[in-house]
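A.B. asks: Take a look at this one; I'll ask things after.
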Amino acid sequence: MTSPALEVLDVSRRFGGLLAVDQVSFTIAQGGLSALIGPNGAGKTTLFNAITNLFPPSAGEVRFLGESLAGLAGDRIARLGLIRTFQSARVFPGMTVLENALAGACLHVRAHPAAQMLRLPGARAEERKLRGKAEALLDLIGLLAFRDSAATDLPMGAQKNLEVVRALMANPRMLLLDEPAAGLNDSETADLAALLTAIRDTGVTIMVVEHNMSLVMGIADQVIVLDAGKLVAVGSPTEIQANRRVIEAYVGAEG
Amino acid sequence: MSGFLQIVIGGLSQGGVFAAVALGFSLVYRVTGVVNLSQGAFCVLGAMAMYYFQVVFGWPTPIAAFAAIVSVVAFGLLVGVSTFVPAVSTLPVSSTLVLTAGLLTFLEGVALIVWGNQPYALPPFSGEAPVVFGALRIPTQGLWLAGGTVAMIAALWRLVYRTSLGRALQACAENATAARLMGIDTKRMMLISFGLAAAIGATSGLLVAPITSLQFDSGSFFTTSGFIAVAIGGMGSFAGSVIGGLTLGVAEQLAAYYVSSLFANTLALLLLLAMLLWRPNGLFSSGPARRVDVRSEAPVHRAVIRLPDGRMIGLALALVIGLGVMPLLPLPNGVLPSLAISMILFIAVLGLDVLMGWAGQVSLGQAGFMAIGGYTAAILATTYDWSPLAGVAAGVALALVCALLLSLVTGKLRGHYLALATLTFGLLVDSLTVGLIDLTGGPSGLVGIPSFGVAGFDFDTPASMYWLALALAAIFVVLLEGGMRSKFGRDLQAVRTDQLAAAALGVNVGRVKTTALCISSALASLSGSLYAFNFHFLSPEMVATPRSFEMIAMLVLGGEGTLVGGLFGALALTLLPTLVQGLALYKTMAEGALLVGTFLLLPEGLFGRFVLAIARWGKAGSMAQGKLPT
Ligand SMILES: Nc1ncnc2c1ncn2[C@@H]1O[C@H](COP(=O)(O)OP(=O)(O)OP(=O)(O)O)[C@@H](O)[C@H]1O
Ligand SMILES: [Mg+2]
């Protein structure tokens, strides 16, 4: 039996007096595309931060592919194949779009730094291959024409897309995406949805925070609902749409 | 026992000044979030103004003191409004540190022009006769200093906690955005805090000048001591500043008496490094509890400085050939040796660029590694008859060991604390080069260093030294350029701007920083050895902390993150004083002014600007693709 991709077991995260995530448990099967939804301030980003030990859980445990993440530093978690993006796009300033994409591949460069300094043929071939891959991904998301622009010159939505490309360059086994569609218009959102399903179909497990319900209901096979730090419901999109507590959480928050 | 008390009293009076400087630091830090390294220079300016009003013009002491403080504050406000305040609102923390270091250099330069380079002492306010308590003799000026410090603390405390201006200052400290929303003019508050800090500096300066004679560059001493004091006490804490200052003063006096005056500094600095390792926020870390945020600094916008691939080779060849033929041209007297010096310094600046420009780690102690390389190679070659090459290798190895040890302390530190740790390291090396007289020759230096030579060939002329340094620099530039254009360079840049995002992609942030520190220390060490072989002489001040600041100025002037840029900075700051003889006096001031001016007006530096222009020119043909998506 293969272990689930991600197991979140009774995870809580406290900020002073505020319990931002409150005893949340769920599992995500390998190869699935799960959506994490909930009103503003529900604790979605905090949950991501707890999973990746940016703000480690105050209680509970997270397992990735059966392995506990407790106490692992951010780069160790990335090494296991769990890659995240951030809610406010965090492309690297001072680097071009292409360089930002390539930065994502840092774990997959085999050439020794000395070989790169000396520009040995092996190192250059590897660099060309990575560059080709980055350009193909940038092309897929419509950013290839801007490969040599400063990444921070891109509009917010495009920066978030670039962050997805950068995460993909890391060959993740699982992706955690925090509101990747924020700042995109309808057709760009549709492109992103197509890209996400395509990534999922290559076997990468995805968990995505998203506010756009039609996007979520269209692509996710599992929806996890959070409200005020607590898990409200977990289920298939149709189950969630019919769930009274979910509707209340949203109406309560927006009404 | 009374001997011990006498020492403690001396330490307390010395510590009073440190405490006052630390108070100035804390005040500005609380309001602006920036450590203003120029703080110590205001002490010297205060003493200098006092000297003119009291000794030269013969005004009565109280009037002279008042006039001195007012004029220093006025000057401080001018400097603050034109440089500090605009910089604080636009630059990231690490750059503001370098900028205030530039201000410190600038103000020292001003003091040098006005005051010359001899030490001055002021007459004590109430005569030379000390007050006698039994066996204790307390100089009256010490009482003035103690009283003045207490009065300043009381006034500051009242101002901050009991007035509406104080509440506004505090509001800025807690949350600048919220303060702005409440209608507080935060820029004005920054300026006011800067002016108040200048007043504190001037007052303590004119109080201490009768006890310790001051000269134009005493400002660095006050700044570093005050910086150490706040680090002990906790940045931003008023009580901590005072306790930190007094502790430091007493510890230094005791160490001077019971151990050796040569190592008084060394012990204090070791204490500080241990402190940074054990409790990086100081004993009384205070200040408002800020919201822990995912991002440690506001995002910065940086220009992307890249030469188009096709033009690289041509430009590089032109540059190397152009530089290579220089010694063959009929150059004015003294230019060739200056060229050799610039090229040797450039090797160290190149390393500093990897560390500061690419990895974003401020280092105020780079000269420390030059000293390690210089002294190791020189001592081995003179006293132990090692071949110069073996000496250089030993210097680099020792520098690498020190870099690894230092990275144990600096690994977890960022921003101010990182700068402080590197500064401490540099000062520690300074104090050792002065103190280990048997080994280094002490303050008067090491003489009789042979020329550099390999395989029977001696590099004993400026031209040969220049060519050697040029060849080495060219090799390093080519290698580093290769590294920077691949994974290693991308990792460095990722760490520079966003460590958390870098780690989330799998970058081992600690290892990247350590590697950058090792590269920079190895190059600095090599540069230091060549420097010693070039002059056949090495003294502590040739490779002391002001040299660290000078190299930062060279780097910033040339352009951070450009590798080659540092060469133009090194050439400018070394050649100009040689070419224009009358300029030597103005060198320090010009260095500071150039550093500050570049930061504010030309953030990408001379070479960076040149590259941007070329890149834009190259792109002009293919502008069709240029529109960004919306
Ligand atoms: N670093 C922090 N320090 C203190 N409180 C925090 C921190 N990060 C988040 N919080 C609090 O935790 C709660 C959950 O925030 P979180 O950002 O996780 O919500 P979210 O579901 O991602 O909301 P949004 O949809 O707006 O992104 C909020 O009340 C927030 O103020
Ligand atoms: Mg969020």
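What follows draws every value from the coordinates through simple rules; no lab data is involved. Bear in mind the structure is a predicted one, so any value in this text is a computation, not a measurement. A quick note on method: Cβ atoms are made from the backbone with ideal geometry, for glycine too, and the neighbour counts reach across all protein chains shown.
A.B. asks: Mind listing the phi-derived Karplus ³J(HN,Hα) values for the range B:232-242, rounded to whole Hz, using 6.51, -1.76 and 1.60 with θ = phi - 60°, and x for any glycine or proline?
C.D. replies: Couplings: 5, x, x, 5, x, 9, 5, 4, x, 4, 5 Hz.
A.B. asks: Lys pairs in the protein assembly as shown, Cα-Cα under 19 Å, at least 8 apart or on separate chains: how many?
C.D. replies: 9
A.B. asks: Using alpha-carbon pairs under 8 Å, 6+ residues apart, how would you state the relative contact order of the range A:92-153 in percent?
C.D. replies: With pairs under 8 Å counted, the relative contact order is 57 percent.
A.B. asks: From other protein chains only, count the Cβ atoms within 10 Å of every residue's Cβ in A:86-93, then give the mean.
C.D. replies: 6
A.B. asks: Still on this model: What percent antiparallel are the DSSP beta bridges of the range A:118-255, to the nearest 5?
C.D. replies: Roughly 50 percent of the DSSP beta bridges within the range A:118-255 come out antiparallel.
A.B. asks: Neighbouring Cβ atoms within 10 Å as the yardstick, rank A:Asp227, B:Asp353, B:Asp460 fewest first.
C.D. replies: B:Asp460, A:Asp227, B:Asp353
A.B. asks: Normalise the Cα radius of gyration of the range A:1-106 by 2.2 N^0.38 Å (N = residues in it) and let me know the number.
C.D. replies: My calculation over the Cα atoms of the range A:1-106 gives 1.16.
A.B. asks: Follow-up. Using θ = phi - 60° and the Karplus form 6.51 cos²θ - 1.76 cosθ + 1.60, what ³J(HN,Hα) does each residue of the range B:14-24 get, whole Hz, x for Gly and Pro?
C.D. replies: Once rounded to whole Hz, the list reads 5, x, x, 5, 4, 4, 5, 4, 4, 4, x.
A.B. asks: Once amide H atoms are placed 1.01 Å from N in the peptide plane, what residues at a sequence separation of 5 or more from B:Gly561, or on another chain, have their amide H within under 5 Å of its amide H?
C.D. replies: Under 5 Å from the amide H of B:Gly561: B:Gly357, B:Trp358.
A.B. asks: When ranked by the protection proxy of mean other Cβ atoms within 10 Å per residue, highest first, what sequence do the peptides B:396-408, A:125-137 form?
C.D. replies: Top to bottom by mean Cβ count within 10 Å: B:396-408, A:125-137.
A.B. asks: Can you give me the long-range amide H partners of B:Leu136? Hydrogens built in the peptide plane at 1.01 Å from N, cutoff under 5 Å, separation of 5 or more residues or another chain.
C.D. replies: Residues meeting the amide H criterion: none.
A.B. asks: Could you work out, residue by residue across B:508-521, how many beta carbons of other chains sit within 10 Å of that residue's beta carbon, and then give the average as an integer?
C.D. replies: Going residue by residue through B:508-521 and averaging, the value is 1.
A.B. asks: Is there a quick way to get the dipole size of chain B? I mean about its Cα centre, with the Cβ of Lys and Arg at +1 and of Asp and Glu at -1; what is the value in debye to the nearest 20?
C.D. replies: 2060
A.B. asks: Let me ask something additional. I need the phi-derived Karplus couplings for the range B:528-533: 6.51 cos²θ - 1.76 cosθ + 1.60, θ = phi - 60°, integer Hz, Gly and Pro marked x.
C.D. replies: x, 5, 4, 4, 5, 5
A.B. asks: Nearest 5 percent is fine: what portion of the DSSP beta bridges confined to the protein assembly as shown is antiparallel?
C.D. replies: Restricted to the protein assembly as shown, the bridges split so that about 65 percent are antiparallel.
A.B. asks: Could you sort B:31-38, A:231-238 so that the peptide with the highest average Cβ count within 10 Å comes first and the rest follow in order?
C.D. replies: So the peptides B:31-38, A:231-238, ranked by packing, come out B:31-38, A:231-238.
A.B. asks: I would also like to ask the following. Let me know the mean shielding of A:72-85 by other chains, meaning the per-residue number of their Cβ atoms within 10 Å of its Cβ.
C.D. replies: 4
A.B. asks: Only Cα pairs within less than 10 Å get springs; with that Gaussian network setup on chain A, which residue of A:Ala151, A:Ala111, A:Ala50 has the largest fluctuation?
C.D. replies: The residue that fluctuates most here is A:Ala111.
A.B. asks: Using only Cα atoms and rounding to the nearest 10 degrees, what angle (0 to 90) does helix A:186-201 make with the longest principal axis of chain A?
C.D. replies: Between helix and principal axis, roughly 80 degrees.
A.B. asks: Could you pull out the longest piece of chain B with no exposed loop chymotrypsin sites (Phe, Trp or Tyr not before Pro) in it, calling a site exposed if DSSP puts it outside H, G, I, E, B and it has at most 15 other Cβ atoms within 10 Å?
C.D. replies: B:58-383
A.B. asks: Which cross-chain or sequence-distant (5 or more) residues have an amide H under 5 Å from the amide H of A:Asp227, H modelled 1.01 Å from N in plane?
C.D. replies: Amide H neighbours of A:Asp227, under 5 Å, 5+ apart: A:Val232.
A.B. asks: Using only alpha carbon pairs under 8 Å that are at least six residues apart, calculate the relative contact order of chain B and give it in whole percent.
C.D. replies: 20
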